[in-house]
Each structure stands twice: as structure tokens, then as C-alpha cells.
Amino acid sequence: MTECGGCAVSVEGLTKIYDGTLAVDHISFCVRRGEIFGFLGPNGAGKTTTVRMLVGLTRITSGSARICGYDVVRDYKRARALFGVVPDVSNLYFELTCYQNLLFSAKMYGVPGSIARRRVEDVLKFFGLWEIRNRKFKALSKGLKRRLAIAAALVHDPKVLFLDEPTSGLDVMSRRMLWSKLRELNKSGVTIFLTTHNVYEAFHISSRIAVINKGRITAIGSPGELSRKFSVQEVIEAGFHPRNPSEEEILGNVKGVLEVRVRGDHLEIIASDPTVALEDLARYARLRGLSISMLRLRGADAEELFLKIIGEAE
Amino acid sequence: MIEEFARSFYIALKDLREYYMKPGSISWGILFPFVFALAFMAKRGGLTEWLAPGMIALALFFGSTSMSAMSIVFERRMGSFERLLLFPVTYVCIALGKSLSSFLLGVISVVPVFLLSLAVLRVPPAHPLLLVVAAVLAAFASSTFGVLLSFLVKEPEQVMVVFNLVRFPMMFLSDIIIPVSSMPHYLIPVVLVQPLTYLTETVRYAYTGTYDILPPTLSFTISLILGIAFLLLASDTIRRSKP
């Protein structure tokens with residue numbers, strides 16, 4: 001069982017009703033062992049409620065959830081020993097040092113003394129916190145607090161790591177550092193359940209993504225599968241010299257153009273057949289005596305895909 | 001069982017590191033009972049053989065309820081209480097851990113009051129070993145009561161207001177200062193339903209060899225039952241605190 005084969009997290013008909021309001025509506029899914037599973041949704045979609053039910057912080061109205069085969073309600077002690085949780089707020093103990101905070105967590109998970117101390121040292125070093133191990137939690141910057149919160153969730157060597165908005169409010173460097181560490185952890189065998197409303201983050205590091213909206217799972221699959229399934233159009237990005245034509249000029253003169261948006265110094269053009277539109281755009285530029293300063297075809301970005309998934313569900 | 005107790009102990013140690021220097025713990029847990037006892041000593045009539053055990057029970061009660069008040073309310077406000085709910089431990093283990101740190105502060109706070117009583121009265125306790133048992137029981141029941149009470153408070157700044165709103169009437173409606181036997185009859189039922197009466201009676205018997213209204217077997221048994229009942233109620237309150 002503790003090998004955590006098959007589904008690291010399995011959810012069947014999970015439902016939560018708060019004071020008569022349906023927050024999570026009979027959702028079912030499986031997080032495969034060893035994957036980074038992105039759990040994506042807009043604010044108030046039911047993401048955090050779902051994770052809180054999975055880790056035992058919120059009572060389940062109906063349905064069931066298992067971590068590595070152990071029911072999170074009936075067998076909660078065994079289930080909890082197998083996962084670590086990083087909540088959306090870094091909520092470690094203010095007056096304890098980094099080292100004391102982690103050692104406390106290790107002991108609470110039942111890690112024996114000498115192993116606990118070694119494990120704390122390893123985890124602190126992994127996150128680059130060893131040099132500041134004697135600094136109190138309250139004295140850390142937001143980025144360091146986040147790293148320590150993740151470290152605290154790993155001291156007992158869990159099979160599954162739940163992260164709720166792990167990079168929220170962090171600068172670019174801290175965010176990228178955390179992503180890199182999460183990938184490293186994942187390579188070492190930790191299944192990662194990442195809850196986020198940051199679409200880019202979910203598509204950037206997840207191997208599979210579930211999109212939740214209004215308490216229901218509206219889509220599930222790898223980023224590639226979701227792109228294909230929801231067939232979001234490719235976008236032409238074009239810039240012209242000495243000036244960009246107006247939206248109306250492009251719409252009226254270039255074949256198959258559906259929509260034109262001004263984006264800074266260039267235009268974003270969505271067309272029914274981007275290849276035909278590209279050729280016709282070059283013809284139109286020559287005709288008007290404009291030179292093309294920038295021209296490229298890109299896939300839909302994650303945000304566009306996400307909005308399409310949410311939009312189709314509604 | 002032993003593992004669960006060990007984890008309760010880790011929670012208590014963590015709380016002592018985190019909260020023992022908080023103003024609420026020091027002022028209401030240690031200073032108040034000592035100053036109160038000093039005030040009685042300075043007053044005409046002084047710290048009598050009746051009042052000394054009352055002051056010891058008071059120190060145990062205030063000391064053992066002050067730290068849980070600080071730790072639970074503060075941690076619930078900051079979200080760190082939820083960390084405890086994520087560990088693979090029972091709710092009783094968490095409630096016991098929270099009680100244990102308060103228990104230890106109660107034991108610390110009783111030392112100066114006990115030494116003051118000894119210095120003033122110059123009479124050793126009638127049953128020294130029983131006094132230790134009484135102190136342990138009183139601190140245990142008070143600390144579990146404090147954990148239970150902490151869940152009524154939402155904001156840290158309201159902690160001492162709410163706690164003192166409960167503790168002060170309890171202090172005057174027990175036999176800490178005035179013998180229950182000399183109280184008006186209509187107050188007796190109120191005195192008998194509040195736990196401090198029983199805790200004070202255990203300390204009084206152990207210290208002086210006499211009691212006010214309850215024979216020692218009854219006061220010791222009820223104190224133990226109260227401690228266990230508060231612990232179970234506190235653990236159930238923790239379970240129900242989850243949305």
C-alpha cells in the first residue's frame with residue numbers, strides 16, 4: 001500500500017455543501033503516481049475546498065477520497081503519514097527557528113530522533129536554507145517563508161505533496177526557483193498535487209491538469225490534450241513599418257481574419273485558416289508599401305485555453 | 001498510546017518555546033496569582049491558613065488556563081493551528097498537547113505562591129504528597145478547561161477579556177476566598193456546578209488536612225473526572241472546529 005501504486009490520489013463523488021450552498025459537486029478523478037497534477041480553476045471554483053477535504057481540514061459531505069489507497073476519513077492517520085501539505089499561507093510558528101520548525105514537524109510525523117535531524121538537514125540544504133537555520137520564522141522574507149513551508153511538508157518523506165497556490169505573491173526569481181525544486185522533487189518520485197489559479201503555472205509545470213469551475217470538473221488531461229480537445233485557434237502576431245494598419249483595414253482586406261487586437265507595438269490576428277491569412281497579410285503589406293517588422297504564428301496561450309474551457313463549460 | 005503522548009509532549013514544548021514570554025501568559029498566568037496572594041498578605045488578617053490553599057489553587061487555575069488561551073486563539077487566527085490537524089495524530093493528542101503546556105505553566109506559577117505561603121504561615125503542608133497530587137489534578141483540570149474555553153474566542157485581543165469574564169466569577173463563586181459553608185444558600189448550587197470549587201477543596205485538604213464542604217475522596221475523584229471530561233470535550237471541539 002505505501003508504495004502508492006496506481007492512483008496516488010483517488011476521488012469518488014466528492015461533495016461539499018456549506019450551509020446549503022454546493023461548493024464541490026460530486027467530483028471524481030485520479031492523480032497518477034509520479035505526476036505533477038495541476039488543479040486549476042478561477043477564484044471560488046472549489047479548488048481549495050477540494051484540497052482541504054482531501055487532507056482532512058474540511059469535513060466531507062459525501063463521496064470518498066483515498067491517498068495511496070488509504071481512506072482520508074476512516075484511515076486518516078495512515079493517509080496523513082503519506083502526504084505533506086503546503087497551505088496557501090505560510091503558517092509555521094513565528095518564534096521558532098527554521099530548524100526548530102522542521103524538527104517539530106518531523107517529530108509530529110513520528111520520524112525517529114537521529115533520522116529526523118538528518119532529514120531536517122537534508123531538506124534545509126535542498127531548499128538553500130541551511131545557512132539561515134537558526135533564524136526565526138518571523139524574520140524571514142515571504143519567499144524564504146514559502147520555501148520553509150514546503151520544506152516542512154517534506155521532512156517525513158511523503159509520497160504525495162499538496163501545494164495550494166505555492167508561488168502566489170512571489171517574485172519571478174523565487175517562483176522559478178520553486179518550480180525547479182518541485183520538478184526535482186517530482187523526479188525523485190514525489191507525486192505533486194498543485195492547486196493554482198495561475199494558468200501559466202499550471203500549464204508550465206503540470207503533466208496533467210484538471211479544471212474545476214463552479215464545483216465541477218470541466219476538463220481533465222495533459223496540457224497538449226486540452227489544447228487539442230478545445231482546439232483553440234493559433235494567433236498571428238504581426239508588426240509593420242512605418243505604421244500598423246488599423247483593425248478595420250486588416251478585417252476588410254485580409255482573407256479569413258476573424259478578430260484583430262492591438263497589443264503594444266504589434267497586432268494579434270485570429271483567422272479561420274492562419275496559413276492562408278499569413279500569405280494574404282504579406283500580399284496586403286506589399287500592396288500598401290508597408291514592411292513587416294515582425295511576423296510569427298504562435299499557439300494559443302494557456303490563458304486563452306483556460307478561458308475557452310471555462311467558457312464552454314458555462 | 002506512548003507515541004501519541006510523546007507527540008502531545010512535542011506540542012507542549014513547542015508552545016512553551018512560542019508563548020511562555022507572551023504578556024498574557026506572564027501577567028495573568030504568573031504575576032496575577034502572586035500579586036493577589038501578596039495583597040492578601042499585606043492586608044489586615046493576612047494570608048491565613050484558610051486563604052493560603054485558596055491562593056495556591058488560584059495560581060494553579062490562572063497559570064494553567066493562561067497559556068492555552070494565548071496559544072490556541074493566536075494560532076487559530078494565524079492559521080498555524082491547522083498544522084496540528086494535518087499531522088497523523090488523534091484530536092485527543094492535540095488537546096492533550098495544548099493542555100500540557102498550560103499545565104506546565106500552572107505548575108511554574110504555583111511555586112512562588114507556595115513558597116510565600118510557607119514563609120508566612122510557617123506550617124508545612126499536612127499531606128505533602130497529596131498536595132502534589134492535588135496540584136497535578138488541579139492543573140490538569142484547569143488546563144483542559146482552558147483549552148475548551150479557548151475555542152469560544154476568535155480574536156487574540158479578546159482573549160483575556162473573555163477568559164477573565166469567566167475566571168473572575170469562578171474565583172469568587174468557589175471557596176478560594178470565602179468558605180462555601182458561609183455563603184447564602186441560594187449560591188450553593190452555582191458553587192457546586194463550577195469546577196474550581198472541587199479543585200480548591202483538593203488543595204485545601206492536602207495543605208491543611210481539613211475541608212469545607214466536600215470530603216477528600218469526593219473532591220479528588222470529581223477533579224479527576226472533570227479533567228478527563230474537559231479533555232474529551234476539548235478534543236471533540238477541535239474535531240468540530242473543522243468546517
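The values are calculated or read from the model by the stated rules, or taken from the named source; none is laboratory data. Note that the coordinates shown come from a computational prediction; the quantities given were computed from them, not determined experimentally. We place every Cβ from the backbone using ideal geometry, glycine too, and count neighbours over all the protein chains shown. With ligands, DNA and RNA removed, areas are computed over all heavy atoms of the protein, side chains included. Shrake-Rupley method; radii C 1.70, N 1.55, O 1.52, S 1.80 Å.
Placing +1 on the Cβ of every Lys and Arg and -1 on the Cβ of every Asp and Glu, with nothing else charged, gives the stretch B:27-96 a dipole about its Cα centre of roughly 160 debye. Per-residue packing, averaged as other Cβ atoms within 10 Å, sorts the ranges A:49-57, B:129-137, A:161-169 into the order A:49-57, A:161-169, B:129-137, beginning with the highest.
The percentage of C-alpha pairs in chain B whose separation is greater than 25 Å is 39%. Solvent-accessible surface of the stretch B:44-150, taken per residue with a 1.4 Å probe and all protein chains present: 31 Å². Farthest toward the positive end of the dipole of the stretch A:7-229, out of A:Thr50, A:Leu22, A:Ile36, is the Cα of A:Ile36, where the dipole comes from beta carbon charges about the Cα centre.
Considering only A:Leu278, A:Gly256, A:Val235, and ranking their Cα positions along the charge dipole of the stretch A:235-298 that arises from unit charges at the beta-carbon of Lys, Arg, Asp and Glu, the one farthest toward the positive end is A:Leu278. The string of couplings for the stretch A:107-118 from the Karplus curve (6.51, -1.76, 1.60, θ = phi - 60°) is 5, 5, 8, x, 6, x, x, 5, 5, 4, 5, 5 Hz, one whole number per residue in order, with x for Gly and Pro.
Once both labels are positioned 7 Å from their Cα atoms along Cα-to-Cβ, the gap between B:Phe5 and A:Ala139 label points is 3.7 nm. The distance linking the stretch B:105-122 with the stretch A:31-99 is 47 Å (Cα centroid to Cα centroid, whole angstrom). Exposure check, 1.4 Å probe, all protein chains in place: B:Leu149 carries approximately 10 Å² of accessible surface.
What is the percent carbon and sulfur in the accessible area of chain A, measuring with a 1.4 Å probe over the protein chains and ignoring ligands?
49
In a fully extended conformation the segment linking A:Arg176 and A:Thr61 would gain 37.7 nm over its present Cα-Cα distance, using 0.36 nm per residue.
Excluding ligands, DNA and RNA and using a 1.4 Å probe, chains B and A jointly bury around 2800 Å² of accessible surface, summed across both partners. Out of all Cα-Cα pairs in the stretch A:7-229, roughly what percent, to the nearest whole number, are more than 25 Å apart? Cα-Cα pairs of the stretch A:7-229 separated by over 25 Å account for 38 percent.
Entry note, chain A: relative contact order of 19 percent, from Cα contacts under 8 Å with a spacing of 6+ residues. Within straight-line reach of A:Lys187, meaning a Cα separation under 24 Å, sit the following lysines at least 8 residues removed in sequence or on another chain: A:Lys125, A:Lys145, A:Lys159.
Using a cutoff of 8 angstrom between alpha carbon atoms and counting only pairs six or more residues apart, the relative contact order for the stretch B:2-241 works out to 27 percent.
Taken about its Cα centre, chain A carries a charge dipole of roughly 1580 debye when the Cβ of each Lys and Arg holds +1 and the Cβ of each Asp and Glu holds -1. Per-residue ellipticity at 222 nm computed for chain A from its helices equals -11000 deg cm²/dmol, with DSSP H segments shorter than 4 residues left out and the rest contributing -39,500 (n - 2.57).
Express the accessible area of chain A per residue in Å², computed with a 1.4 Å probe while the remaining protein chains stay in the model.
Details: 14100 Å² over 314 residues.
Heavy-atom SASA per residue in chain A reads 45 Å².
Per-residue mean of foreign Cβ neighbours for B:85-96 is 4 (Cβ atoms of other chains, 10 Å radius). Of the solvent-accessible surface of the stretch B:2-241, computed with a 1.4 Å probe and all protein chains present, 74% belongs to carbon and sulfur.
Roughly how many debye, to the nearest 20, is the charge dipole of the protein assembly as shown about its Cα centre, given +1 on each Lys and Arg Cβ, -1 on each Asp and Glu Cβ, and no other charges?
1140
How big is the antiparallel share of DSSP beta bridges in the protein assembly as shown, given as a percent to the nearest 5?
Working: 38 of 56 bridges.
If I count the DSSP bridges inside the protein assembly as shown, around 70 percent turn out antiparallel.
Normalised by 2.2 N^0.38 Å, where N counts its residues, the alpha-carbon radius of gyration of the protein assembly as shown equals 1.30. Solvent-accessible surface, computed for protein heavy atoms with a probe of 1.4 Å, shrinks by 40 Å² or more for the following residues of the stretch A:68-88 when the other protein chains are added to the isolated chain: A:Tyr76, A:Lys77, A:Arg80.
Which length gain, in nm to one decimal place, applies between A:Glu279 and A:Asp19 when the Cα-Cα distance is subtracted from 0.36 nm times their residue separation?
On the way: separation 260, 0.36 × 260 = 93.60 nm, distance 5.82 nm.
Length difference between fully extended and current span is 87.8 nm.
Considering only B:Ile222, B:Pro112, B:Pro125, the residue lying farthest towards the positive end of the dipole of chain B is B:Pro112, judged by Cα position with unit charges set on Cβ. Helix B:2-19 and the long axis of chain B differ in direction by around 80°, with both axes built from C-alpha atoms. Each Lys or Arg adds one and each Asp or Glu takes one away; over the other residues whose Cβ falls under 11 Å from the Cβ of A:Lys47, this sums to -2.
If you add up the charges near A:Leu278, with Lys and Arg at +1 and Asp and Glu at -1, over every other residue whose beta carbon is less than 15 angstrom from its beta carbon, what do you get?
Working: positive: A:Lys255, A:Arg283, A:Arg286, A:Arg296, A:Arg298; negative: A:Glu234, A:Glu237, A:Glu268, A:Asp273, A:Glu279, A:Asp280.
Surrounding charge for A:Leu278 is -1.
Once the C-beta distance of A:Glu12 and A:Glu184 is scaled by a Förster radius of 45 Å, the resulting FRET efficiency is 0.90 to the nearest 0.05.
The protection proxy used here, the mean number of other Cβ atoms lying within 10 Å of each residue, ranks peptides A:15-24, B:222-231 as follows, highest first: B:222-231, A:15-24.
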